[in-house]
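The values are calculated or read from the model by the stated rules, or taken from the named source; none is laboratory data. This is a predicted model, so every value here is computed, not measured. Ideal geometry is used to build each Cβ from the backbone, glycine not excepted, and the neighbour counts take in all protein chains shown. Just the protein is used for accessible areas: all its heavy atoms, side chains included, with ligands, DNA and RNA removed. Shrake-Rupley method; radii C 1.70, N 1.55, O 1.52, S 1.80 Å.
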Amino acid sequence: APSEMCIRDRDYVAHFEDTSTLQMSSDIEAYEAQVSEIDQFNQYNSGLSRVFILAVLSSIMLTGMAFIPSRY
């Protein structure tokens, strides 16, 4: 989880990518913009996968309905 810290009157954002890697940056706005872009990408990806699953299920249902015997 990222956290902000102040060293010698300068603000930094600290981000732990994993347990052994610390990444520090003084450009907090760029970091927040990148986090926002990542969140937006994940939201789009989630929506796209939902649409894909719905389309596959619909096509399976329509294909199954094509083989239902007619009453006449």
- Message: Quick check on this structure: which one of TYR12, TYR31 is on the phi < 0 side of the Ramachandran plot, assigned to a strand (DSSP E or B), among the hydroxyl-bearing types (Ser, Thr, Tyr) and surrounded by 10 or more Cβ atoms within 10 Å (Cβ to Cβ)?
- Response: TYR12
- Checking ILE68 against (1) surrounded by 10 or more Cβ atoms within 10 Å (Cβ to Cβ); (2) part of a loop (DSSP other than H, G, I, E, B), which test does it fail? (1)
- Item | Condition broken by SER3, with the remaining ones in (1) surrounded by 10 or more Cβ atoms within 10 Å (Cβ to Cβ); (2) of a type in the set (S, T, N, Q); (3) modelled with pLDDT under 80 satisfied | (1)
- Task: Please specify each residue of region 15-28 satisfying the condition of being hydrophobic (A, V, I, L, M, F, W, C) and open to solvent by less than 80 Å² (accessible area, probe 1.4 Å).
- Result: ILE28
- Message: Among the residues in region 34-55, are any in contact with an Asp or Glu (Cβ under 9 Å, 6 or more places away or on another chain), hydroxyl-bearing (Ser, Thr, Tyr) and surrounded by 10 or more Cβ atoms within 10 Å (Cβ to Cβ)?
- Response: no
